[in-house]
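What follows is a single structure, written as structure tokens, with notes after it.
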Amino acid sequence: MIVILQSDLRVHGPTRMVAPVIREEDITTAITRTDVSIVIDDETYIVPMDLMSAVQTASIHSDPIATVADLRDAFISAIDLVFLGF
């Protein structure tokens, strides 16, 4: 699973910024401020923002299964820490 981080402003562009979604129990060492915790269908997942990358839009095949819009501040804070260090 992935979280699409990029807005729909360039929805038809060739790439989209994404981050992986990993089951919490599969994470050995969480980085508190860069790993965003999300819940989908009562299961907790971690989105490690230091692993975000651009992928080809054509490789994203499934329809959305959830929204993380309510965690916007956590995602922005994690992105700031990855890129700016604070």
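Every residue, every condition in (1) free of Cβ contacts under 8 Å to residues at least 24 places away in the same chain; (2) assigned to a strand (DSSP E or B); (3) not basic (Lys, Arg), yes or no:
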{"position": "Val3", "(1), (2), (3)": "no, yes, yes"}
{"position": "Arg16", "(1), (2), (3)": "no, yes, no"}
{"position": "Ala19", "(1), (2), (3)": "no, yes, yes"}
{"position": "Thr28", "(1), (2), (3)": "yes, no, yes"}
{"position": "Ile31", "(1), (2), (3)": "yes, no, yes"}
{"position": "Thr44", "(1), (2), (3)": "yes, yes, yes"}
{"position": "Ala54", "(1), (2), (3)": "no, yes, yes"}
{"position": "Ile65", "(1), (2), (3)": "no, no, yes"}
{"position": "Leu71", "(1), (2), (3)": "no, no, yes"}
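What is the number of the single condition among (1) touching a residue at least 40 places away in the same chain (Cβ under 8 Å); (2) part of a strand (DSSP E or B) that Val39 does not meet?
(1)
Looking at Ala78, Ala66, Ala54, which is the one that is exposed (fewer than 14 other Cβ atoms within 10 Å of the Cβ), touching a strand residue (DSSP E or B) at 6+ places or on another chain (Cβ under 6 Å) and at pLDDT 95 or above?
It is Ala54.
The values are calculated or read from the model by the stated rules, or taken from the named source; none is laboratory data. On a predicted model such as this, the values are computed, not experimentally measured, just so you know. Virtual Cβ from ideal backbone geometry, glycine too; neighbours counted across all protein chains shown.
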